[in-house]
Amino acid sequence: MSTSPASSVRRYTIRPVFRRALKALPALLLAGLVACSSSPPPSAELQRVPDPGLAPGDVVRLKIWREPETSGTYAVDDRGIVSLPLLGDREVAGMEPPVLRDRLLEDYREYFRTPSIEVTILRRVNVLGAVNAPGLYPVDATISLSEVLGLAGGITPDGDPGDIRLWRGGGVVEDDLDRAMLVGDVGIRSGDRIVVGEKGWFERNPGALIGTLIASAAAIGVALIR
């Protein structure tokens, strides 16, 4: 008995459940790309951290109008003492910057009739991770974290702006820093480390993500067709 040509052709069908899964694949691809490209939203509320006052490693920047010989930057040593022109050694550990300025203004009046004094406290911090020029930088409490990162050459293309952490000692103090926050609001101290993390591998290689998903989808489709 002869067999018709039509009956000798094998029929390939896709099971309904897998057909629905394949139809949903483009939406899943798009959702994955959006998730990879988005960064966590910044914190809605910025709570100011109390200033711990001066500590070893801090730097006192002193500017006295028309007195360039007296003006300069002076480091606080490991005893919490800073040596200033004309005044000598002063214990400043734990002293808040406004209090220090008022005291220096009063003390320098003994040497200058109408002193105009500007006192700025600088914290020395390490900026590390995915930045162009990692290193140790003196930072003013009135500048933003974005400006601090600018001192380190900015974030690299592989850096993740949503992954900025503050390290102190061997642990993380803050793990979701907003670049708009001020150094003083964060409570950064000398010796702290600001570390910028890297984007995930798929975020750094979006083309590879698409290729991998398409190849996987094709492989699954071929395996399920029969």
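Read the figures in this text as sums done on the coordinates, not as results from a lab. Small disclaimer: the values here were computed from a predicted structure and weren't measured. So basically every Cβ, Gly included, is an ideal-geometry build from the backbone, and we count neighbours across all protein chains shown.
The ranking of 190, 71 from fewest to most other beta carbons within 10 Å of each one's beta carbon is 71, 190.
Extension gain for the segment residue 81 to residue 142, taken as residue separation times 0.36 nm less the Cα-Cα distance, is 19.6 nm to one decimal.
Between residue 118 and residue 69, the simple spin-label model (points 7 angstrom out along Cα→Cβ) gives 2.2 nm. Across the stretch 97-188, the relative contact order, built from alpha-carbon pairs under 8 Å that are at least six residues apart, equals 23 percent.
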